[in-house]
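Here's the structure, in structure tokens; my notes come after.
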Amino acid sequence: MIVVSIGRGRHKMMIAELRHLAEAGAEMVELRLDYIVRTVNLKRLLADKQCPVIITCRREQDGGNWKGTEQERIVLLRTAIAEGVDYVDLEEDIADDIPRFGKTKRIVSYHNFEETPENLREIHDRCCEADPDIVKIVTMAHSPRDNLRLLSLIGESEKPTVAFCMGEMGIPSRILAGKFGAPFTYASFHQERALAPGQLSYADMKNLYRYDSINVDTDVYGVIADPIGHSLSPIIHNAVFKELGIDAVYIPFRVPREELADFMGMCRQLSIKGLSVTIPHKEEVIPLVTETDNAVDHIGAANTVVIDGFDRRAYNTDHSAALDSITADLSRGQDIDHLTGRTALVLGAGGAAKAVTHALQSRGTKVVVAARKKERADELAKQFHCESVEWAARHKVRCDLLANCTPVGMHPHVDDSPYDGSHLVRSMIVFDTVYNPEQTLLIKQAREKDCHVVTGVDMFVRQAANQFKLFTEREPPVDLMRKAIREVIGATKG
């Protein structure tokens, strides 16, 4: 079950949102009384409720907005119980001051906006001693392992427990809470009205992640990156899971570089069956797997890991996706060897640049690499026996194909470009691996010069489709994947 939290300053706005959520199928709503700026009128708020309600009035120290006295807050919570509200949320340090009464159920809670403390079991035991129907423990995540610690607490507890982490790093625990046995999780009314760090919207929890269908048998997939907010992989993979009726969910995992090894070690405990791998982990993940395919061995970067128990197999679907994207339109009526003997300028020296370099060289293309860090470009050039140039000299390279494999131009930095548009010429093929937005500044300038353009959406969808086949051994509906991604980024096929 998803509990939707409402925090508005006026009674009528809170009532309107409560009514809207009930009509939209919400099974339970939390009314945050600490957000109401005037004297709270509980009878008015509860007069026309159409679904079960949790009453919460959070102090500032617990992340709330309550400006009154503590005694006034306790009186308000007692009044909610007297009114027969379905649930009341009581912090563990005041729960003993508010006795059980009537049919109202008690959520005894602990919130920590600073960290995930070491003594979680001790905190949980204290909450259990305060006569709860449900224990709720919410902490701030500073490590991917904090998610596992909170989720494990749910599974180990005899008392029904809601436990998850806040912050971007804590998002997986919000989505997987039900899989580990939590009676419910929390979401915001709207993505712009999150009442706690990392809180997802009701629409995303219900439609994107399909929280209500997640159970103990649900397979978990995801993308690992740092940062993670830019990734749109959950949108297309979850859309395909839904379309094909597959009991699986795909989740964003923010994993700092220094914690990658620890995260990979706990994948089995999180029931993770497969991972998409992106910046900055495409190279660092290789020593952490048990097997690699030939492409990974040649490229030195992986973008996919398939997990089966203790076996972790790494693949690279970027190189074939890049080559197929470049040649898809160019090869109509031609032999794709038209790339043979041409010169490509590859911008960047990370995993994507390695995959694109490998793909182009497989078709006999001469590759020149330029990266903002010259030593990275030199390393790539040495690995692939090609040429490298200083970043400042990139415009001096006479090339037939320009491939941007840097994140320059990615949302929200949409006014940036890795290449001066004045150096683009009509005969060039311009390929940008950035997919959000699809129409990057580089692509727009290339269109103005009448270059042949290849956008990152095509490569993104192709590599994701190949990942999906590795994950599930099933063919994905590629058109659905392409439609899903374009709807989100607001792109049109140009």
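Any read-out appearing in this document is the output of simple, stated calculations on the displayed coordinates, not a laboratory observation. If you're wondering where the values come from, they're calculated on a predicted model, not measured in any experiment. Cβ placement follows ideal geometry from the backbone for every residue including glycine, while neighbour counts extend to all protein chains displayed.
So what are region 103-229's ellipsoid semi-axes, whole angstrom, largest first, if each one is the square root of 5 times an eigenvalue of the alpha-carbon gyration tensor?
Working through the eigenvalues yields semi-axes of 22, 17, 15 Å.
Taking R0 as 25 Å, what's the FRET efficiency between K469 and E283 from their Cβ-Cβ distance, rounded to 0.05?
The value I calculate is 0.60.
Using only C-alpha atoms and all pairs of different ones, pull out the Kirkwood radius for region 2-213 in Å with one decimal.
Computed over region 2-213, the radius equals 17.1 Å.
Fewest Cβ neighbours within 10 Å first, please rank K354, K12 accordingly.
K12, K354
I need the peptides 457-467, 286-296 ranked by packing, meaning the mean over residues of other C-beta atoms within 10 angstrom, with the highest value on top.
In descending order of packing, they fall as 457-467, 286-296.
If you take every residue apart from R121 with its C-beta less than 11 Å away from the C-beta of R121, what net charge results, scoring Lys and Arg +1 and Asp and Glu -1?
Neighbour charge sum, excluding R121 itself: -2.
What pairs from K374/K444; K67/K159; K354/K374; K12/K43; K373/K449 go past 23 Å between their alpha carbons?
K374/K444; K67/K159; K373/K449
How would you order 151-157, 54-60, 444-450 from highest to lowest mean count of nearby Cβ atoms within 10 Å?
54-60, 151-157, 444-450
For the chain, what does the equivalent ellipsoid look like in terms of its semi-axes, each the square root of 5 times an eigenvalue of the Cα gyration tensor, given largest first in whole Å?
Square roots of five times the eigenvalues give 50, 23, 19 Å.
Would you mind classifying region 177-304 by shape? Square roots of the alpha carbon gyration tensor eigenvalues, ordered a ≥ b ≥ c; an a/c under 1.5 is rounded, otherwise it is prolate if a/b is larger than b/c and oblate if not.
Prolate, since a/c reaches 1.5 and a/b exceeds b/c.
Would you calculate, for the chain, the mean residue ellipticity at 222 nm contributed by helices, counting each DSSP H stretch of 4 or more residues as -39,500 (n - 2.57) and dividing by all residues, to the nearest 500?
Estimated from H runs of four or more residues: -9500 deg cm²/dmol.
So for K396, K206, fewest C-beta neighbours within 10 Å to most, what's the order?
So the ranking, lowest neighbour count to highest, is K396, K206.
Between A47 and E72, what length in nm is gained on full extension when 0.36 nm per residue of separation is reduced by their alpha carbon distance?
Extending this stretch completely gives an extra 6.8 nm.
Around G102, what is the net charge, scoring Lys/Arg as +1 and Asp/Glu as -1 over all other residues with Cβ under 12 Å from its Cβ?
For residues surrounding G102, the net value is +3.
Convex hull volume of the Cα atoms in region 320-454, per residue, in Å³?
98 Å³
Counting only DSSP beta bridges with both residues in the chain, tell me the antiparallel percent, nearest 5.
DSSP beta bridges in the chain are roughly 10 percent antiparallel.
Give a residue-ordered list of calculated ³J(HN,Hα) values for region 371-386 (Karplus: 6.51 cos²θ - 1.76 cosθ + 1.60, θ = phi - 60°; whole Hz; x for Gly, Pro).
These are the phi-based 3J(HN,Hα) values: 9, 5, 9, 4, 5, 5, 5, 5, 5, 5, 4, 5, 5, 9, 6, 10 Hz.
Considering only the other residues whose Cβ falls under 10 Å of the Cβ of R32, what net charge follows from Lys and Arg at +1 and Asp and Glu at -1?
Residues near R32 contribute -1 overall.
Got a sec? How would R121, R8 order by Cβ neighbour count within 10 Å, fewest to most?
Lowest to highest Cβ neighbour count: R121, R8.
Consider a paramagnetic label point 7 Å from the Cα of D450 along Cα→Cβ; state which residues of region 405-444 have an amide N under 11 Å from it.
426-427
Counting residues in region 19-85 as N, plug N into 2.2 N^0.38 Å and put the Cα Rg over that result.
Ratio of Cα Rg to 2.2 N^0.38 Å: 1.13.
How much length, in nm to one decimal, is gained on full extension between Q269 and K373, taken as 0.36 nm per residue of separation minus their Cα-Cα distance?
Full-extension gain reported as 33.6 nm.
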